[in-house]
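First the structure, in the form of structure tokens, and then the observations on it.
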Amino acid sequence: MPHQFSPSDLQLLLLEADAEARRLVRRLRLPRAELDDIRQDLLVDLIARLPAFDPERGSLGAFAGLVLRNHATRIAAKIKRAREAFGAVPVSLDEEQPGRDGGTRGELTAEEDGLSAWLGQPVDAFAEVERRLDVERGLGLLDRRNGALCAALAHTTVESLAAQGRGSRSGLYRRLKDIRLALMAHGLKAA
Amino acid sequence: MTRSITKLPAARLRLKEIDLCGWIGQAMPGDMLEYHRGFLALDVTEQGTRLAERDRAELVRVARRAWWAAEQRLVHLVQRRHGPDDYSYLAIARPKPRRVSASFASFLLQEVA
């Protein structure tokens, strides 16, 4: 029969999870904003493993301590792997910025300084409209044959078109280069 | 009596076709670019010896692209004479034509048809 947990048992689990989460945040020098997430991760794992608790083999505190430590070790390893992959300094969007009246990094970072801008995605709505107008103007200047080539290249490759007999590979690349230069002269840059 | 023959000034490739296209694309109306200095008709001929073959071939592409841009009403082409057989070939940017436009969807529909 599964062990029945009293409110004081649950209080003990919450306290143990809180202590382990604080220890982990301190040890890994994580921002304070991470504390709640880590505490929740630890608690969820602990609750999932509670059916395995056997009071004859030890106290609830000892069981919880062991489970929490194991999971904390897994979380720490995951964070270390992420740091090795993406840099030594962890940055969280939920991290409150000092002297900014409780605003988090996510709230205070402008779209132009964000990850999407860093990855080359357009973030300026006006620039995007201008770009679309430029594209339409550039496309309007292409002759029917080159327009058809652009449309075909939207879903296939030069190699496939050459294989379908729509021109030699070198000829298609020459046309493509010419289209690129023409669009560039009309103010369009390669995406 | 032998008359002295004026030595042709040295020519060199100033920019490539892609540079010219990039400049045309970014130039404001009235901006001016010297895309060649020398004697273009002579410098693009295979018999001309003023440029290396690779530069000569690129100059042919630059000159053709400048002419194309003028036909597209993107630039005015003018030349300034400095001396015998020595000219500056200039491109002057025009306002970009805005009246021609087409959507990519129309090309895709043509492709499907």
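Counting only pairs 8 or more places apart or on different chains, how many lysine pairs in the protein assembly as shown have C-alpha atoms closer than 21 Å?
Details: A:Lys177/A:Lys189; A:Lys177/B:Lys16; A:Lys189/B:Lys16; A:Lys189/B:Lys96.
The result is 4.
Mind checking B:15-21 for the average number of partner chain beta-carbons within 10 Å of each residue's beta-carbon? Working shown, then result.
Working: counts 0, 0, 5, 5, 0, 3, 9.
Per residue, the average neighbour count from other chains is 3.
Express in Å², to the nearest 10, the accessible area of A:Ile79 obtained by rolling a 1.4 Å probe over the protein heavy atoms while all chains stay in place.
For A:Ile79, the solvent-accessible surface is approximately 40 Å².
Need one number: buried accessible surface between chains B and A, 1.4 Å probe, both sides summed, DNA, RNA and ligands left out, in Å² to 100.
Numbers: alone 8440 and 13960 Å², together 20330 Å².
That pair of chains buries around 2100 Å² in total.
Given axes a ≥ b ≥ c from the Cα gyration tensor, I'd like to know whether region B:47-98 is rounded (a/c under 1.5), prolate (a/b larger than b/c) or oblate. Walk me through the intermediate numbers first.
Numbers: a/c = 3.95, a/b = 1.55, b/c = 2.55.
Oblate shape, in that a/c is at least 1.5 and b/c is the bigger or equal ratio.
Once fully extended, how much extra length lies between A:Arg144 and A:Arg32, figured as 0.36 nm per residue of separation less the alpha-carbon to alpha-carbon distance? Each step should come with its number before you reach the end.
Values: separation 112, 0.36 × 112 = 40.32 nm, distance 6.02 nm.
Net length gain for the segment: 34.3 nm.
For helix A:34-49, report the angle its Cα long axis makes with the longest principal axis of the Cα atoms of chain A; keep it between 0 and 90° and round to the nearest 10°.
60 degrees
Using a 10 Å cut-off on Cβ to Cβ distances, tally the other chain neighbours for every residue of A:141-148 and report the average as a whole number.
Values: counts 6, 3, 0, 2, 0, 1, 7, 4.
Mean partner-chain Cβ count within 10 Å for A:141-148: 3.
Between rounded, prolate and oblate, where does region A:19-171 land on the alpha carbon gyration tensor, with a ≥ b ≥ c its root eigenvalues, rounded for a/c under 1.5, else prolate if a/b exceeds b/c? Display every interim value, and only then the final one.
Working: a/c = 4.32, a/b = 2.20, b/c = 1.96.
Taking the square roots of the gyration eigenvalues as a ≥ b ≥ c, region A:19-171 is prolate.
FRET efficiency for B:Ala52 and A:Arg175, Cβ-Cβ distance as r, R0 = 30 Å, nearest 0.05?
Numbers: r = 27 Å, r/R0 = 0.91.
My answer for the efficiency is 0.65.
For A:Arg131 and A:Ala77, what is the calculated FRET efficiency with R₀ set at 45 Å and r taken between the beta-carbons, to the nearest 0.05?
Values: r = 44 Å, r/R0 = 0.98.
My answer for the efficiency is 0.55.
Given a 1.4 Å probe and the protein chains all in place, what does the accessible area of B:His82 round to, in Å² to the nearest 10?
The accessible area comes out at roughly 90 Å².
Which whole-number percent gives the relative contact order of chain A, counting Cα pairs below 8 Å spaced six or more residues apart? Don't skip to the end; give the middle numbers.
Numbers: 110 pairs, mean separation 27.4, N = 191.
Reported as a whole number, the value is 14 percent.
Determine the distance separating the Cα centre of region A:1-76 from the Cα centre of region A:106-174; give it in Å without decimals.
A separation of 52 Å, based on Cα centres.
The values are calculated or read from the model by the stated rules, or taken from the named source; none is laboratory data. Remember, predicted model here, so these are calculated numbers, not experimental data. No Cβ is skipped: glycine too gets one built from the backbone with ideal geometry, and neighbour counts run over all protein chains shown. Only protein heavy atoms, including side chains, enter the accessible area calculation; ligands, DNA and RNA are left aside. Shrake-Rupley method; radii C 1.70, N 1.55, O 1.52, S 1.80 Å.
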